[in-house]
Amino acid sequence: MNDKEIYDAILNDDNLENITMTDDDGHQFEMAQIGTMPMHDVVYGILELLKIDGRDVTEEEAGLVMLELDCDDETGEIYVTTVDEDDIFDEVIEAFNALPED
């Protein structure tokens, strides 16, 4: 999936399909959507890592992945990046967990 496809899939409330990303080294990651959290003028997608290169993740590899979803208002360019900063990751997860359940 390219950035636009990932952006559209995560922001579509009716879409519950897994998200597949490929990193710069060609490794493919399949993730289940957990939810989204708008903060800091962007939307964060919260996902659970399921597979790497087609194989189920090990217990050690398993965990949450957070993607920052952003769109440049002037150019329409879409950016999807992995959140690597622990402070932002923790802040977003804390806010997401504080949301009332549907």
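Values in this text are rule-based calculations from the coordinates and carry no lab data. Every value quoted in this text rests on a predicted model; they were computed, and no experiment measured them. Here the Cβ positions follow ideal geometry from the backbone for every residue, glycine too, while neighbour counts run over all protein chains shown.
For the pair residue 53 and residue 5, label points projected 7 Å from Cα toward Cβ lie 2.1 nm apart.
Local charge for residue 53 was computed over the other residues whose Cβ lies under 15 Å away, with Lys and Arg +1 and Asp and Glu -1, and equals -4.
In plain terms, the chain from residue 101 to residue 23 could stretch by 24.8 nm, reckoned as 0.36 nm per residue minus the Cα-Cα distance.
Roughly how many nanometres apart are two label points built 7 Å out from the Cα toward the Cβ at residue 78 and residue 64? Taking the two extended label points, one gets 2.4 nm.
From the Cα gyration tensor of region 10-70, with a ≥ b ≥ c the square roots of its eigenvalues, which class applies: rounded if a/c is under 1.5, or else prolate if a/b is larger than b/c, or else oblate? Prolate, because a/c is 1.5 or more and a/b exceeds b/c.
Each helix, a run of at least 4 DSSP H residues, gives -39500 (n - 2.57); summed and divided by the residues of the chain, these come to -6000 deg cm²/dmol at 222 nm. Among [x] 1.07; [y] 1.34; [z] 1.00, which is the computed Cα Rg over 2.2 N^0.38 Å? Identified label for the calculated read-out: [x].
Between amide H atoms placed 1.01 Å from N, distances below 5 Å from residue 65 occur with 47, 48, 49, all of them 5 or more places distant or on a separate chain.
For residue 57, nonlocal amide neighbours, meaning residues 5 or more places apart or on other chains whose placed amide H falls under 5 Å from its own, are 51, 52.
Between beta-carbons, use under 11 Å as the cut-off and find the net charge around residue 32, counting Lys and Arg +1, Asp and Glu -1.
Details: positive: 51; negative: 17, 30, 48.
Net charge around residue 32: -2.
Take every Cα pair under 8 Å whose residues are at least 6 apart in sequence, average their separation, divide by the length of the chain, and the relative contact order is 20 percent.
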